[in-house]
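To start, the structure under review is shown below, and the notes come after it.
The values are calculated or read from the model by the stated rules, or taken from the named source; none is laboratory data. None of these values were measured; they are calculated from a predicted model. FYI the Cβ positions are ideal-geometry reconstructions off the backbone, even for glycines, and counts take in every protein chain you see. The accessibility values were calculated without ligands, DNA or RNA, using every heavy atom of the protein model including side chains. Shrake-Rupley method; radii C 1.70, N 1.55, O 1.52, S 1.80 Å.
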Amino acid sequence: MELKEFLERMERRETVPANSEAMLFSAAMTQRALEITAKLNGSYHPLEEVQAIFSELTGEDAREKLFLFPPFHTDFGMNIHLRGRVTINAGVCMQDQGGITIEDGALIGHHVVLATLNHDLDPAKRGDLHPAPIHIGKNVWIGANATILQGVTIGDGAIVAAGAVVNKDVPANTVVGGVPAKIIREIGGRTA
């Protein structure tokens, strides 16, 4: 399987059956991501080197877009898309097979988890994976230790409180928190 075909399947949200060709491809890509993130996390790098390593990991140019505090973890890498200047704090984990798009001005706090895959509920198919993308809007702030689950869109200007578990879309210019996350309040301000 080629990367393009795998990413097209993820975009269509096709199930990845256990032991399938797509699953084996994903596992091979995980080894690649582990090698690159080990380089990123194994020693100090100035910002320009961090951006270059992240660019290698994602296959997209992160120069002058990314401010990243390692360590950073991902199990795929090639389906992370930065659409402007983004800050990612230490300990962030991205499971990006299903696709993660992060818009300009987003701030991602310490130890945030972005998970684009879910396992099947049927115990006989538990090894199957169900992908769905995560989209983080412009000027979003995700607090430390928050978890964003598959298929979630966080609207422009929204804030996700520390420790929240977000399992459904977050409207623009709102603050959400809790487990599962619920709207706490609306906020004013321009987001675009």
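Within the option set Gly59, Gly77, being at pLDDT 95 or above and touching a Lys or Arg at 6+ places or on another chain (Cβ under 8 Å) holds for one residue only, Gly77. Check segment 120-133 and report whether any residue there is small (Gly, Ala, Ser), in contact with a strand residue (DSSP E or B) (Cβ under 8 Å, 6 or more places away or on another chain) and farther than 24 Å from Ala181 by Cβ. Looking through segment 120-133, at least one residue is small (Gly, Ala, Ser), in contact with a strand residue (DSSP E or B) (Cβ under 8 Å, 6 or more places away or on another chain) and farther than 24 Å from Ala181 by Cβ. Collect the residues in segment 1-17 that are surrounded by fewer than 13 Cβ atoms within 10 Å (Cβ to Cβ) and assigned to a helix (DSSP H, G or I), keeping them in residue-number order. Scanning segment 1-17 gives Leu3, Lys4, Glu5, Glu8.
The set of residues from segment 18-31 being open to solvent by less than 60 Å² (accessible area, probe 1.4 Å) and not in a helix (DSSP H, G or I) comprises Ala18, Ser20.
Considering (1) out of contact with any Leu (no Cβ under 9 Å at 6 or more places or on another chain); (2) open to solvent by less than 40 Å² (accessible area, probe 1.4 Å), the lone condition that Leu121 does not fulfil carries the number (2).
If you go through segment 32-53, how many residues are open to solvent by less than 40 Å² (accessible area, probe 1.4 Å) and out of contact with any Gly (no Cβ under 9 Å at 6 or more places or on another chain)?
Final tally of qualifying residues: 5.
Residues in segment 133-175 that are open to solvent by less than 10 Å² (accessible area, probe 1.4 Å) and closer than 30 Å to Leu24 by Cα: Ile134, Ile136, Ala146, Ile148, Val152, Val166.
Would you mind listing the strands (runs of 3 or more DSSP E) fully within segment 124-188 where at least 1 residues are at negative phi and touching a helix residue (DSSP H, G or I) at 6+ places or on another chain (Cβ under 7 Å)?
Details: elements: 129-131, 134-136, 174-177, 182-186.
In segment 124-188, 129-131 are the strands (runs of 3 or more DSSP E) which contain 1 or more residues that are at negative phi and touching a helix residue (DSSP H, G or I) at 6+ places or on another chain (Cβ under 7 Å).
Only strands (runs of 3 or more DSSP E) whose full extent lies in segment 48-111 are considered here, and the ones with at least 3 residues that are more than 12 Å from the chain's Cα centre (by Cα) are 66-68.
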